[in-house]
Amino acid sequence: MPERTHILHLTERSLWDVAREHGAYRMSTRGRTLEQEGFIHCSTSAQLPSVAAFLYGSYEGPDELVVLVVDPARLDVPVKYEASEPGAEKFPHVYGPIPVDAVVEVKPWR
């Protein structure tokens, strides 16, 4: 499947490691779970740099940051492109856990 159809999620490696142990990824965004937020925040490749700057800035945590490359065709939950307010840029939101087999690649972030 062409990469342009993939959506991306930036996270800490330890959170991805937990997801691999449990079979699904359940974090929405930095410090917030799927259950707290209602969906998992994702981005396109063009949106990722600004999302990384906003969420992680000059992150110096104990974990390496990684980008989960998600194939939406492998999800069994809805993906909706939504804006935080009318007229704002739309981002992909995954309305449920991301099964580990929907993650087709894990790349280090910078």
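The values are calculated or read from the model by the stated rules, or taken from the named source; none is laboratory data. What you are looking at is a predicted structure, and each value in this text was computed from that prediction instead of being measured. Cβ sites come from the backbone with ideal geometry, for glycine too, and all protein chains shown count toward neighbours.
Between Ala73, Ala102, which is touching a residue at least 24 places away in the same chain (Cβ under 8 Å), closer than 23 Å to Ser14 by Cβ and among the small types (Gly, Ala, Ser)? Answer to the selection: Ala102.
Among the residues making up the stretch 101-110, those that are touching a strand residue (DSSP E or B) at 6+ places or on another chain (Cβ under 8 Å) and surrounded by fewer than 17 Cβ atoms within 10 Å (Cβ to Cβ) are Val104, Glu105, Val106, Lys107, Pro108, Arg110.
Check the stretch 89-106 and report whether any residue there is modelled with pLDDT of 95 or more and hydroxyl-bearing (Ser, Thr, Tyr). Yes: one or more hits.
Among the residues of the stretch 79-100, those identified as under 14 Å from the mean Cα position of the chain (by Cα) and loosely packed, with under 13 Cβ neighbours inside 10 Å are Lys80, Tyr81.
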